[in-house]
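This report concerns only the one structure given below.
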Amino acid sequence: ACSELSRSSCEECLQNVSCLWCYTNKTCVDYPVRSVLPPASLCSLSRARWGACWMNFEALIIAIAVVAGLLLVSAAACCCYCCYCRR
């Protein structure tokens, strides 16, 4: 269980992909799988780590949103080019 890894280190906690590390109180908790984002009562997004200790959850969400946005814009640009410009 993730709670057994509390008070250890972030690296040890995140070896289990179902765990979330909170730097506020240095605890390792089970990731709340029922919600997409961990609730603020569990840990604030800027202090939560999941997957990598060097990137907080807030930055991870922003990075994923930027990449997804770039992919959508690229796909739309390709569709416009193929459908309208190549006639």
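The values are calculated or read from the model by the stated rules, or taken from the named source; none is laboratory data. Given the structure is predicted, the values throughout are model-derived calculations rather than measurements. Positions of Cβ are backbone-derived with ideal geometry, glycine not excepted, and every protein chain shown enters the neighbour counts. In case anyone asks, the SASA skips ligands and DNA or RNA and just uses the protein heavy atoms, side chains included. Shrake-Rupley method; radii C 1.70, N 1.55, O 1.52, S 1.80 Å.
Using +1 at the C-beta of Lys and Arg and -1 at the C-beta of Asp and Glu, which of 48, 64, 23 has the Cα lying farthest in the positive direction of the dipole of the chain?
Toward the positive end, the furthest listed residue is 64.
Could you give the size of the charge dipole of the chain about its Cα centre, using +1 on the Cβ of each K and R and -1 on the Cβ of each D and E, expressed in debye and rounded to the nearest 20?
The dipole magnitude comes to about 400 debye.
Measuring from label point to label point, each 7 Å out along Cα→Cβ, what is the residue 80 to residue 17 span in nm?
About 3.7 nm separates the two model spin labels.
So for each of 25-36, 61-72 I average, over its residues, the number of other beta carbons within 10 Å; can you give me the resulting order with the highest mean first?
25-36, 61-72
Using Cα extents along the principal axes in Å as the read-out, say which of (i) 81, 52, 15; (ii) 64, 23, 20; (iii) 47, 33, 17 was calculated from these coordinates.
(ii)
If we count every other residue with Cβ under 14 angstrom of residue 58's Cβ, Lys/Arg +1 and Asp/Glu -1, where does the sum land?
+2
Using the Karplus equation 6.51 cos²θ - 1.76 cosθ + 1.60 (θ = phi - 60°), what ³J(HN,Hα) coupling, rounded to whole Hz, does each residue of region 52-64 give in order, writing x for Gly and Pro?
With coefficients 6.51, -1.76 and 1.60, one gets 8, 6, 7, 10, 6, 5, 4, 5, 4, 5, 5, 5, 5 Hz.
How large is ³J(HN,Hα), in whole Hz, for each residue of region 22-37 in order, when computed from phi with the Karplus curve 6.51 cos²θ - 1.76 cosθ + 1.60 and θ = phi - 60°, using x for Gly and Pro?
With coefficients 6.51, -1.76 and 1.60, one gets 10, 6, 4, 10, 6, 10, 10, 10, 5, 5, x, 6, 6, 10, 5, 9 Hz.
Carbon and sulfur together cover what percent of the accessible area of region 2-85 at a 1.4 Å probe radius?
Heavy-atom surface of region 2-85 belonging to carbon and sulfur, 1.4 Å probe: 67 percent.
Send over a whole-number figure in Å² for the accessible area per residue of the chain, probe 1.4 Å.
Per-residue accessible area for the chain comes out at 71 Å².
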